[in-house]
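Novice: First the structure, then my questions, so here it is.
The values are calculated or read from the model by the stated rules, or taken from the named source; none is laboratory data. Note that the coordinates shown come from a computational prediction; the quantities given were computed from them, not determined experimentally. Neighbour counts are summed over all protein chains in view; Cβ atoms, including those assigned to glycine, are modelled from backbone coordinates with ideal geometry. Accessible surface areas use protein heavy atoms only, side chains included; no ligands, DNA or RNA. Shrake-Rupley method; radii C 1.70, N 1.55, O 1.52, S 1.80 Å.
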Amino acid sequence: MQNRHGVISVFSMAATALAVVAFAFAGSSSEASQASCAPDNGGITLPHGFCATVFADQVGSPRHLTVAPNGDVFVALRRSRSDSASFGVLALRDTNGDGVADVRKRFGEGAGTGITLHGGYLYYGDDTSVMRYRLPEGSLEPTGSVETIVHDLPRPRNHPSKPIAINDSDQLFVTVGSPSNVCQAERAARSVGQDPCPELDNYAGIWLFDANGKNQTQADGQRFATGLRNTVALALNPVDGLLYGAVHGRDRLNQWSDLFTDEQNAELPSETLVRIDQGKDYGWPYCYHDPQLGRLVLAPEYGGDGRRAGRCAQMEEPLAALPAHWAPNGLLFYTGEQFPERYRGGAFIAFHGSWNRAPLPQGGYNVVFVPFVDGRPRGDYEVFADGFAGEDVSPGGAAHRPSGVAQGPDGSVYVTDDRSGRIWRISYIGG
């Protein structure tokens, strides 16, 4: 299990010179393509040998995205501050292979996060529903009318997003986030937790539905896993076909000032990377993960003292611990052949960035890589792409905030920014 205070290998060298390079498209019918790297990689830093183009800019508030076999990119949009009418699905196409989209189409309704392609359909998850559009192969726009797969899902104020994933058995997985920080009896400092927590009946877990069903409600589905406060970063691993998530941990441990200082609150608890197995309980709200102890411990709202495990000894431990409050929003298991071999099978996680690490500096606002071997993390995470926030690393001042990450058919990786509406395409050029 990863310890926050282990050695962190951080790549900070950026490919900053303008380069025009030719590279073969692995898994694509195209023999080669010319990609012009942005002079400054669109404002981000990358490891040596990588470069980025600004695939699209000022597109609204892009969240998750998915890439078709022909390279078309489909993006879930939320309402942005600058354009309250900008939501639904954005379709993008690069017609000349320069790494920049030159065709844009818009369709759909609802402020969304979840999006995936499956069985000739584009599935789209807004805050209360999952819909699908018939999408002919090679088309940027759907045909026929929208179909409602699931509707009237709970919409908690704090964690409304509905990330989705669909496996080869037509099982549709949907995140339903928690409505609270830790299921307290009152929204007040030192309020005890409700025990048992009634929120777990309909929130803080993953629900399973039939991807081909129509007009399902939450009651028609099945609670697949529980005790997951808010799993925005949700993905199937193509290597083993299993479901994984990177989970937002709880906040405000320092409201129990006799147990935790502000500095401790900044480092606790871990954001966690978990394999989501059917029927498992991952501990929220009763437990949180302490990266120093390397295990789950009992929350103070439920009688914990900062060390005691209690009932948490029976909960499912995470695969890896990641820095506190960084807010993981996107997850991708890399299967391409364009990046060096060490990246194959590993996980990229897009971190939206923290708001409550004071008095320590805010953190996140980056994309990290977690190496995997035999279905488990191996070694420490590495910061892969950084510099998104710019000089002001804070929610209000950041220039960009990573939200989604996806792989193209040629092995390039796309990253969205829901702050300023930018999408990057990251490629490996060697050197």
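Novice: 7 Å from Cα along Cα→Cβ at both residue 128 and residue 48: what's the point-to-point distance in nm?
Specialist: 5.4
Novice: Starting from a Cα-only point model with no solvent, please compute log10 I(q)/I(0) by Debye for the chain at q = 0.09, 0.11 1/Å.
Specialist: Relative scattering, expressed as log10 I(q)/I(0), comes to -0.52, -0.79.
Novice: Would you please give the FRET efficiency between residue 70 and residue 373, computed as 1/(1 + (r/R0)^6) with r the Cβ-Cβ distance and R0 = 41 Å, to the nearest 0.05? Walk me through the numbers before you get to the answer.
Specialist: On the way: r = 32 Å, r/R0 = 0.78.
About 0.80, to the nearest 0.05.
Novice: Can you give the calculated 222 nm mean residue ellipticity of the chain, where each DSSP H run of n ≥ 4 adds -39,500 (n - 2.57) and the sum is split over every residue, rounded to the nearest 500 deg cm²/dmol?
Specialist: Values: 1 runs with 6 residues, N = 431.
Only helices count here, giving -500 deg cm²/dmol.
Novice: Can you tell me the accessible area per residue over the chain, all protein chains present, probe 1.4 angstrom, in square angstrom? Walk me through the intermediate numbers first.
Specialist: Values: 16760 Å² over 431 residues.
Normalised by residue count, the accessible surface of the chain is 39 Å².
Novice: For a Förster distance of 45 Å, can you work out the FRET efficiency between the beta-carbons of residue 40 and residue 219, rounded to the nearest 0.05? Don't skip to the answer; put the middle values down first.
Specialist: On the way: r = 51 Å, r/R0 = 1.13.
Plugging the Cβ-Cβ distance into 1/(1 + (r/R0)^6) gives 0.30.
Novice: Roughly what would the spin-label model give for residue 242 and residue 103, points 7 Å off Cα along C-beta, in nm?
Specialist: Calculated label separation equals 4.0 nm.
Novice: Counting only protein heavy atoms and using a 1.4 Å probe, what share of the accessible area of the chain belongs to carbon plus sulfur, as a whole percent?
Specialist: Details: 7740 of 16760 Å².
Summing carbon and sulfur atoms, their accessible area is 46 percent of the total for the chain.
Novice: Just to verify a number: FRET efficiency for residue 93 and residue 145, C-beta to C-beta distance, R0 = 30 Å, to 0.05? Before the final figure, lay out each step's value.
Specialist: Numbers: r = 23 Å, r/R0 = 0.78.
So the FRET efficiency works out to roughly 0.80.
Novice: Here's something else I'd like to know. Taking a ≥ b ≥ c as the square roots of the eigenvalues of the Cα gyration tensor of segment 276-422, is the shape rounded (a/c under 1.5), prolate (a/b larger than b/c) or oblate? Walk me through the numbers on the way to the answer.
Specialist: Details: a/c = 2.37, a/b = 1.32, b/c = 1.80.
In terms of gyration-tensor shape, oblate.
Novice: Describe numerically, in nm with one decimal, the distance between label points set 7 Å from Cα along Cα→Cβ at residue 259 and at residue 277.
Specialist: Going by the 7 Å Cα→Cβ label model, 2.8 nm.
Novice: Along the positive direction of the dipole of the chain (beta-carbon charges: Lys, Arg +1; Asp, Glu -1; about the Cα centre), which of 45, 130, 411 reaches farthest?
Specialist: 130
Novice: When the dipole is taken about the Cα centre of segment 258-390, and only Lys, Arg (+1) and Asp, Glu (-1) are charged at their Cβ, what size is it in debye, to the nearest 20? Working shown, then result.
Specialist: Working: 11 positive and 18 negative charges, 58 e Å.
Roughly 280 debye, rounded to the nearest 20.
Novice: Less than 12 Å Cβ to Cβ from residue 394, Lys/Arg counted +1 and Asp/Glu -1: what total charge do the surrounding residues give? Show your work: numbers first, answer last.
Specialist: On the way: positive: 357, 401, 419; negative: 391, 392.
Summing Lys/Arg as +1 and Asp/Glu as -1 gives +1.
Novice: Which of the aspartates and glutamates could be linked to residue 280 by a straight reach, that is with a Cα gap under 15 Å, when you skip same-chain ones fewer than 8 residues away?
Specialist: 201, 316, 317
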